[in-house]
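A.B. asks: Let me begin by handing over the structure; questions about it come next.
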Amino acid sequence: MDGRPLIVGSQNSAAFLAQGMGLLRDGGTALDAVERVIREVEADPAEHTVGVGGWPNLAGEVELDASIMDGRNRRSGAVGAVKGFAHPISIARKLIDWFCAEFP
């Protein structure tokens, strides 16, 4: 690697990777970039694999999951079966931030 920012995502994130790259170029962290891109994917009603457009469970309710990890220190946050919140990636991110503050 030559030290330049790099961002990689799956097909459903492709339309939003430029936003994440912009954050990296402006000095944001990798976690900032990941959260930004995934929030956009989660907000896309045409995307049925995650977020507000996700397929409902057997009870007819959309339950969302998310996880995020910082590869430098292997700290992670994850949530599952979230209802009534459009951005579970942000909850998972807050768990990392909270855990780091509580257990440095």
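A.B. asks: From the list Val79, Val41, Val62, Val52, which residue is touching a Pro at 6+ places or on another chain (Cβ under 8 Å), of a type in the set (Val, Ile, Thr) and part of a helix (DSSP H, G or I)? It would help to see each step written out before you state the result.
C.D. replies: Details: Val79 fails: part of a helix (DSSP H, G or I); Val41 fails: touching a Pro at 6+ places or on another chain (Cβ under 8 Å); Val62 fails: part of a helix (DSSP H, G or I).
None of the other options fit; the residue is Val52.
A.B. asks: OK, next. Given the conditions (1) surrounded by fewer than 19 Cβ atoms within 10 Å (Cβ to Cβ); (2) touching a residue at least 12 places away in the same chain (Cβ under 8 Å); (3) out of contact with any His (no Cβ under 9 Å at 6 or more places or on another chain), and given that Leu23 satisfies all but one, which numbered condition is not satisfied?
C.D. replies: Against the list (1) surrounded by fewer than 19 Cβ atoms within 10 Å (Cβ to Cβ); (2) touching a residue at least 12 places away in the same chain (Cβ under 8 Å); (3) out of contact with any His (no Cβ under 9 Å at 6 or more places or on another chain), Leu23 comes up short only on (1).
Values in this text are rule-based calculations from the coordinates and carry no lab data. What you see is a predicted model, and the numbers here were worked out from it, not measured in a lab. Here Cβ is always computed from backbone atoms with ideal geometry, including for glycine, and neighbour counts include all displayed protein chains.
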